Each structure stands twice: as structure tokens, then as C-alpha cells.
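Taking it in order: structure first as C-alpha cells, then the write-up.
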Amino acid sequence: MAGNITFTMIKPDAVEANNIGPILNMINKAGFKIVAMKYMKLSGAQAGQFYAVHKERPFYGELTEYMSNGPIVAAVLSKDNAVADYRKLIGATDPSKAEEGTIRKTFAKSIAANAVHGSDSDENAEIEANFFFSQLERF
Ligand code: ATP
Ligand code: MG
């Protein structure tokens, strides 16, 4: 079914703080199924490629360094309306602006170290899922 997957990363700050388990719990409780998952570390070049859309932004260097600084969990999630519902679950990019009960409000440390990534469109969800996983790794 088109539009029923999104891609997420649990970012280095949340992994370092031992919040993989609590975040996955919130994801499952919100009705998402995990259809692919891996624990890994990105190189600087891979982080740069993943966030290439932000290449011209002033925080690009900080972002790619931060994202390649420690291990992450990458996952593909499925649910009806997955992209929009997951953006709602994670909350605003800046955790000080995120709503109560969201993943970022609960776990993020700052606008840069904001605990999780979530795809912003169905098209990008597919691109991002394919960046990390082959079809053999998605169930
Ligand atoms: P993500 O793509 O990680 O889900 P987002 O879609 O909420 O986050 P984007 O605008 O796509 O936000 O920014 C990508 C990431 O870049 C943010 O999650 C954050 O880690 C970092 N970032 C964004 N704005 C800033 C900023 N002003 N200063 C530092 N880092 C920033
Ligand atoms: Mg984004």
C-alpha cells in the first residue's frame, strides 16, 4: 500500500542516553510496526549523503559530524498515514517547541541533538528506506 511506511533513525544522543528501548516502546504503542531495523554507525560521508538536502544550510557541518559521531538505530516503520502520524509522534525539530508526550519533548537534548529523525514525505520515506535497507531486509 503506497504511503504506509516512514523511515526513522534513533540519533546518537538518544542511543548514548540508553533511550533505544523507551523510544521503540513509544513507536510500537503509537501503532507502528517495525518492518526493518539495524544498529550501525554512519561515516561522515554517509551522513552527508543522507542529509544532502541541507548542504547549503549553516548547520550542515555540525549535523553531519553529529550524526556520524556515534551509533544510531535505523528503522522502517509501517502504519496507515505513517509519515504524517510519525511526524506528529516525534514533535517539532526544536524540542523546546515540541508538544508534551512527543518523542522529542521527552528525549531530545537540543535542536541538533533531537533524538530521532522522521521522513517528511512518502517519496523521501522510500528514498531513505532504500538508502539503508535492501528489499531482503524489509518484512
Ligand atoms: P529530521 O530530518 O532529522 O527528522 P526535521 O525534519 O524535524 O528533522 P530538518 O529541517 O529536516 O528537521 O533538519 C534536519 C536536522 O538538522 C534536524 O533534525 C536537526 O538535527 C538539525 N538541525 C535543524 N535545524 C538546526 C539548527 N538550527 N541548528 C542545528 N541543527 C539543526
Ligand atoms: Mg527533515
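For the chain, the calculated P(r) over all alpha carbon pairs, in 10 Å bins from 0 to the bin holding the longest distance, is 13, 45, 38, 5 percent. Restricting the calculation to Cα atoms, segment 65-139 shows an Rg/Rh of 0.98 when the hydrodynamic-style radius is the Kirkwood one. Segment residue 137..residue 38, full-extension length gain: 34.7 nm, with 0.36 nm per residue of separation and the alpha-carbon distance subtracted. In this rough spin-label picture, where each label sits 7 Å from Cα along the Cβ direction, the residue 17-residue 59 distance is 1.5 nm. Placing a label point 7 Å from the Cα of residue 80 along the Cα-to-Cβ direction, the residues of segment 30-46 whose backbone N falls under 18 Å from that point are 30-34.
Here segment 5-134 has 51 percent of its accessible surface on carbon and sulfur atoms, given a 1.4 Å probe and all protein chains in place. The length gained by stretching the chain between residue 25 and residue 109 to full extension, at 0.36 nm per residue less their Cα-Cα distance, is 28.3 nm. For a straight C-alpha distance cut-off of 25 angstrom, the lysines reachable from residue 55 (same-chain residues fewer than eight places away being disregarded) are 11, 41, 97, 109.
The values are calculated or read from the model by the stated rules, or taken from the named source; none is laboratory data. Computed from a prediction, not measured in an experiment: that's the story for all the values here. As a convention, Cβ positions derive from the backbone with ideal geometry for all residues, glycine included, and neighbour counts pool all protein chains shown. The accessibility values were calculated without ligands, DNA or RNA, using every heavy atom of the protein model including side chains. Shrake-Rupley method; radii C 1.70, N 1.55, O 1.52, S 1.80 Å.
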